[in-house]
1. Could you list PHE89, PHE191 so that the one with the fewest beta carbons within 10 Å of its beta carbon is first and the one with the most is last?
2. Going by a ≥ b ≥ c, the root eigenvalues of the Cα gyration tensor, does region 69-234 fall in the rounded group (a/c under 1.5), the prolate group (a/b larger than b/c) or the oblate group?
3. Let's test the formula: R0 of 25 Å, r as the Cβ-Cβ distance of GLU57 and LEU31. What FRET efficiency results, to the nearest 0.05?
4. Starting from the Cα of LEU3, move 7 Å in the Cα-to-Cβ direction to define the label point; list residues of region 34-48 whose amide nitrogen is under 14 Å from there.
5. SER90 to ASP177: extension gain in nm, 0.36 nm per residue of separation minus the Cα-Cα distance?
6. Cut-off 13 Å, label point 7 angstrom out along Cα-to-Cβ of THR147: give me the residues of region 76-95 whose amide nitrogen falls inside.
7. Count neighbours as other Cβ atoms within 10 Å of each site's Cβ, and list the trypsin sites (Lys or Arg not before Pro) in region 120-158 that are DSSP loop with at most 11 such neighbours.
8. With r as the distance between the Cβ atoms of SER164 and LEU112 and R0 = 22 Å, compute the FRET efficiency 1/(1 + (r/R0)^6) and round to 0.05.
Amino acid sequence: AKLLNENLLKKMKIIDLSADFRLKNPKDYELWYKFTHPNQELLQNAVYGLCELYKEEIKKASLVANPGCYTTCSILSLYPLFKEKIIDFSSVIIDAKSGVSGAGRSAKVENLFCEVNENIKAYNLALHRHTPEIEEHLSYAAKKKITLQFTPHLVSMQRGILISAYANLKEDLQEQDIRDIYTKYYQNNKFIRLLPPQSLPQTRWVKSSNFADINFSVDQRTKRVIVLGAIDNLIKGAAGQAVQNMNLMFDFDEDEGLKFFANL
């Protein structure tokens, strides 16, 4: 954040994969990241690079903040429900699971093979830094301030994110009603796959790809909707989405460089 300025942005377009420009309110950096943002004037100019939601804004942007991995999966999975206001916003719980690569490559004891192998654990309860990111953009969708529960887990695999989200329905809706809503928002998006009924997202289906797989079920007994989403945290959750943003910024085909799976 310290290196960027208006003069630099007049000469080039920048896609920032860090969290430095993802949040609009400088106070959120003090609360969640424990530092005072050094370049607050640029916060308002940065465009949040979630391509499926802000495509037109990204096309005109000089500074794009590439979203976090958990946030990409969570927001895309829930956005239509918030936009259509068919759920009780205060009831939303997101349970998220990520492969170890989501923690980066720094040498930490908790990321050693013997610590993560054959194990699953929750971490950063009520403190995860992607929480305000998720809340901010779902608040834009709902047009009111959203507070939700987000709990991440580390699982013994290299890559991938799976989220399970739960929300109370405000009215008696059938699965086809909700499917129609998701289709309305996502039918023209190249990288979102709304799976067929009863086909639930799996991390292996999106591995090494830029796809986000989404599906849901309505529990008529509890009157809740259960939404599942899966992405590759390193591709759609990071580098792939950065390429997708670049394509939009330079008027390339949106899927340029992203049409094939990397065999990793």
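No value in this document is a laboratory result; all are computed from the given coordinates. These figures come from a predicted structure and were not determined experimentally. Backbone-built Cβ (ideal geometry, glycine too); neighbour counts: all protein chains shown.
1. Arranged by neighbour count, lowest to highest, PHE89, PHE191 become PHE89, PHE191.
2. prolate
3. Approximately 0.45, to the nearest 0.05.
4. none
5. Contour length minus the Cα-Cα distance gives 29.2 nm.
6. Residues 90-92 fall inside that zone.
7. Loop-located and lightly packed - LYS143, LYS144, LYS145.
8. Result of the calculation: an efficiency of 0.20.
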